[in-house]
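Q: My questions all concern the structure below.
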Amino acid sequence: MDLQLSEEQELIVGMVRRFVRDEILPLELDLDPDADQLAPADSQRLIAKTKEMGLYGLGIPPEFGGPDVDLVTRTLLAIEMAQHRAGLYAPCYGVFGGAGLAQLFEADDAQKEKYLYPTLRGEMRGFFGLTESSGGSDPARAIQTKAVRDGDDWIINGSKIFISGADRADYGLVFARTDPEKGRNGITCFIVETSWPGFHVRRVVHTLRSAHYATELQFEDLRVPHANVLGEVNKGFAIANDRLSRQRIPYAAGCIGVAVKANELALEYAGQRETFGALLSSRQSIQWMLVDNEIDIKTATWLTLEAAAKADRGEPFRKEAAMAKLVASEAGGRVVDRSMQIFGGYGVTKDFPFERWYREMRIRRIGEGPSEVQRHVIARDLLGASLR
Amino acid sequence: MTKAWSTCDAVSIDALPGQVGVFELANAPGETLYIGCADARTLFGLRSAVRERVDEIEDAVSFRVEVTTAYHSRWRELLMVHVADHGALPRHNEEVAGLGRLSPG
């Protein structure tokens, strides 16, 4: 097993590291500490740069026009892209592009023309509508939204909660129960346009993140053409599961990136700040915090890269992705907490990024499947069908 | 926002908290003229943000505020609700990039 980055990886990682340092960090000095968007002119300018770098649309497969970059390298880049104040949830403020969770790679040709390609060109926005008030981690049982066939259409009734970006989207992936008797084999994924009658964004759901919010959706006799079924009828669970498994690796990488930056700031501060006549870095209590930070970062990094390497080799990676997400989100929280402690009073002010990371990192232990569900996924993999 | 309206006078504005949050300004007939946000860059939070806008908007006669750390998302929510109710942003608000759509029902 080679743990050394290749020359090409060193080059590309260095390029993104410089981009964050030279382009993103200076802009953040003038932004509100909770901002998650750049001014449109800055955004356009930086998108042009990432296109020039050949790194725009990193999450998009090459057959759909994305750069041909393996998942290990993308993970290394995601760690770099998160190393700024907004980096956990808005890495580089989105200037590297991508389709988010509303990817339509199972789409048929007509659906690709209508939704996928415009999304990849940045002309349309999608959302991912899975979670309901009855639960998000067990969609096979929790999905209550129903779709009933009516001629060439389906009629959808129900609601979704904690849905990001639905109020600004043109369409979304909505998972609904199409056969109440079949559990996970009775769920279908529909492509739903937000302008259709019966689609409602009922309210904003405020969270620990100030700049970003979730929404609550309601579907009232929402008529969807059969042509807008994504994949096959009653096979939607596999689509949801695939998205959630794949998402765990970049999710873990974001946590690691923020932890790296928090630790870097803490190391620098500990080497400058004097208390009772000596530098913080000379105190064993501080040294041990920094050592624990380093161990947490390394552990999370190797687990995440291992998951990415398995995915790159086409091997099953569900267990490894769950371990990466679990360890990185918990380790990231500890690193930010220790680094904040080292900064003392300044650590809790909005003058420094720790307080934002502290709030947002707490969400990471719940979002995309809480730690307990990740442990359940790992246990199921270790113990096999006996746990189902 | 359901907070009580206050008159736009120096005493009321000086009494505002220095915290971050959101605010609304209205004219004499009660039309909402502006929905604003006192973010973490404002020198004295709501106090300075309201004072600055009242000085700029001549027909503003009353204001109301809400202290909230979720100032960004709450501000966007208030704008979206206003658009849903009235079909447009308040007169003195500029277009907001990427503002979503709500149908509160």
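Q: Can you pull out the residues in segment A:158-173 that are closer than 19 Å to A:Pro118 by Cα, in a strand (DSSP E or B) and out of contact with any helix residue (DSSP H, G or I) (no Cβ under 7 Å at 6 or more places or on another chain)? Steps first, please.
A: If we filter segment A:158-173 for residues that are closer than 19 Å to A:Pro118 by Cα, which is where we start, we get A:165-173.
Cutting the leftovers down to in a strand (DSSP E or B) gives us A:171-173.
Matches in segment A:158-173: A:Leu173 only.
Q: Every residue in segment A:129-163 that is surrounded by 21 or more Cβ atoms within 10 Å (Cβ to Cβ) and of a type in the set (Ser, Thr, Tyr), please.
A: A:Thr145
Q: Tell me which residues, restricted to segment A:39-96, are part of a loop (DSSP other than H, G, I, E, B), over 20 Å from the mean Cα position of the chain (by Cα) and of a type in the set (Asp, Glu). Break it down into steps so the answer makes sense when it comes.
A: Looking only at segment A:39-96, we keep the residues that are part of a loop (DSSP other than H, G, I, E, B), and these are A:39, A:53-61, A:65-70, A:82-90, A:95-96.
The next check asks that each one be over 20 Å from the mean Cα position of the chain (by Cα); those that pass are A:39, A:53-54, A:65, A:68.
Matches in segment A:39-96: A:Asp68 only.
Q: Moving on to the next point. Residues A:Gly66, A:Gly14, A:Gly57: which one is at positive phi and outside the structural domain of A:Met340 (by TED's automatic domain parsing)? Lay out the reasoning, then the answer.
A: On the way: A:Gly66 fails: at positive phi; A:Gly14 fails: at positive phi.
After ruling out the rest, the residue left standing is A:Gly57.
Q: For segment A:26-51, give me the residue count where each residue is more than 10 Å from every other protein chain (Cβ to nearest Cβ), free of Cβ contacts under 8 Å to residues at least 12 places away in the same chain and closer than 19 Å to A:Gln83 by Cβ.
A: Selection size over segment A:26-51: 2.
Q: Same structure, new question: Which ones in segment B:50-78 are more than 12 Å from chain A (Cβ to nearest Cβ) and of a type in the set (Ser, Thr, Tyr)?
A: Answer for segment B:50-78, where residues must be more than 12 Å from chain A (Cβ to nearest Cβ) and of a type in the set (Ser, Thr, Tyr): just B:Ser62.
Q: Given (1) within 14 Å of another protein chain (Cβ to nearest Cβ); (2) surrounded by fewer than 18 Cβ atoms within 10 Å (Cβ to Cβ); (3) assigned to a strand (DSSP E or B); (4) not acidic (Asp, Glu), identify the lone condition not met by A:Arg223.
A: The one condition A:Arg223 does not meet is (1).
Q: For segment A:190-205, enumerate the residues that are crowded, with 17+ Cβ neighbours inside 10 Å and either of a type in the set (Gly, Ala, Ser) or touching a Lys or Arg at 6+ places or on another chain (Cβ under 8 Å) (or both).
A: Listed by number, the residues that qualify are A:Thr194, A:Val201, A:Val204.
Q: Go through the residues of segment A:108-125 one by one and say whether even a single one is part of a strand (DSSP E or B) and without any contact (Cβ under 8 Å) to a residue 12 or more places away in the chain. Walk me through how you get there before you give the answer.
A: From segment A:108-125, those part of a strand (DSSP E or B) are none; that's our starting set.
Scanning segment A:108-125, I find no residue that is part of a strand (DSSP E or B) and without any contact (Cβ under 8 Å) to a residue 12 or more places away in the chain, so the answer is no.
Q: So, one more: Picking from B:Gly105, B:Gly87, which residue would you name as being facing chain A (nearest Cβ under 7 Å) and either out of contact with any Cys (no Cβ under 6 Å at 6 or more places or on another chain) or more than 27 Å from A:Met124 (Cα to Cα) (or both)?
A: B:Gly105
Q: When you scan segment A:223-231, do you find a residue that is among the aliphatic types (A, V, I, L, M), within 14 Å of A:Lys160 (Cα to Cα) and outside the structural domain of A:Ile363 (by TED's automatic domain parsing), even just one?
A: First pass over segment A:223-231, keeping only residues among the aliphatic types (A, V, I, L, M): A:224, A:227, A:229-230.
Of the ones still in play, those that are also within 14 Å of A:Lys160 (Cα to Cα) are none.
Among the residues of segment A:223-231, not one is among the aliphatic types (A, V, I, L, M), within 14 Å of A:Lys160 (Cα to Cα) and outside the structural domain of A:Ile363 (by TED's automatic domain parsing), which makes the answer no.
Q: Looking only at segment A:262-273, decide whether some residue is in contact (Cβ under 8 Å) with a residue 60 or more places away in the chain, crowded, with 16+ Cβ neighbours inside 10 Å, in contact with a helix residue (DSSP H, G or I) (Cβ under 6 Å, 6 or more places away or on another chain) and under 29 Å from A:Ile60 (Cβ atoms).
A: Within segment A:262-273 (the criterion being in contact (Cβ under 8 Å) with a residue 60 or more places away in the chain, crowded, with 16+ Cβ neighbours inside 10 Å, in contact with a helix residue (DSSP H, G or I) (Cβ under 6 Å, 6 or more places away or on another chain) and under 29 Å from A:Ile60 (Cβ atoms)), the answer is no, since none of the residues qualifies.
Q: While we're looking at this one, here's another question. I'm checking my understanding of the structure. Among residues of segment A:164-181 that are more than 14 Å from every other protein chain (Cβ to nearest Cβ) and in contact with a Phe, Trp or Tyr (Cβ under 7 Å, 6 or more places away or on another chain), which one is surrounded by the fewest Cβ atoms within 10 Å (Cβ to Cβ)?
A: As a first pass, look at segment A:164-181 and keep what is more than 14 Å from every other protein chain (Cβ to nearest Cβ): A:173-181.
After this cut, where a residue has to be in contact with a Phe, Trp or Tyr (Cβ under 7 Å, 6 or more places away or on another chain) as well, the list is A:173-174, A:176.
On the way: A:Leu173: 23, A:Val174: 29, A:Ala176: 28.
Across segment A:164-181, the extreme among qualifying residues is A:Leu173.
Q: In this structure, does B:Val22 turn out to be at negative phi, within 14 Å of chain A (Cβ to nearest Cβ) and surrounded by fewer than 20 Cβ atoms within 10 Å (Cβ to Cβ)?
A: no
Q: For the condition of a type in the set (A, V, I, L, M, F, W, C) and outside any strand (DSSP E or B), what is the one hit in A:Cys255, A:Cys189? Break it down stepwise before answering.
A: Numbers: A:Cys189 fails: outside any strand (DSSP E or B).
The match here is A:Cys255.
Q: Which residue out of A:Leu217, A:Leu244, A:Leu208 is within 14 Å of chain B (Cβ to nearest Cβ) and either under 18 Å from the mean Cα position of the chain (by Cα) or farther than 30 Å from A:Asp150 by Cα (or both)?
A: Numbers: A:Leu217 fails: either under 18 Å from the mean Cα position of the chain (by Cα) or farther than 30 Å from A:Asp150 by Cα (or both); A:Leu244 fails: within 14 Å of chain B (Cβ to nearest Cβ).
Exactly one residue qualifies, and that residue is A:Leu208.
Q: In segment A:323-371, how many are surrounded by fewer than 18 Cβ atoms within 10 Å (Cβ to Cβ), within 25 Å of A:Thr275 (Cα to Cα) and β-branched (Val, Ile, Thr)?
A: 2
Q: Oh, and also: Name the pairs: first residue in segment B:38-49 and more than 11 Å from chain A (Cβ to nearest Cβ) and under 14 Å from B:Thr69 (Cα atoms), second residue modelled with pLDDT of 90 or more and surrounded by fewer than 21 Cβ atoms within 10 Å (Cβ to Cβ), Cβ to Cβ under 8 Å, at least 6 apart or on different chains?
A: B:Gly45/B:Pro17; B:Gly45/B:Gly18; B:Gly45/B:Gln19; B:Leu46/B:Pro17; B:Leu46/B:Gly18; B:Leu46/B:Gln19; B:Leu46/B:Val67
Q: Return the pair list, or none, for Cβ contacts closer than 6 Å from residues in segment A:335-352 that are assigned by TED's automatic domain parsing to the domain that holds A:Gln287 and in contact (Cβ under 8 Å) with a residue 40 or more places away in the chain to residues that are of a type in the set (A, V, I, L, M) and outside any helix (DSSP H, G or I), at least 6 apart or on different chains.
A: Short answer, once both residue conditions are applied: A:Lys350/B:Ala40.
The values are calculated or read from the model by the stated rules, or taken from the named source; none is laboratory data. Given the structure is predicted, the values throughout are model-derived calculations rather than measurements. Cβ coordinates were reconstructed from backbone atoms using ideal geometry, including for glycine residues, and neighbour counts include every protein chain displayed.
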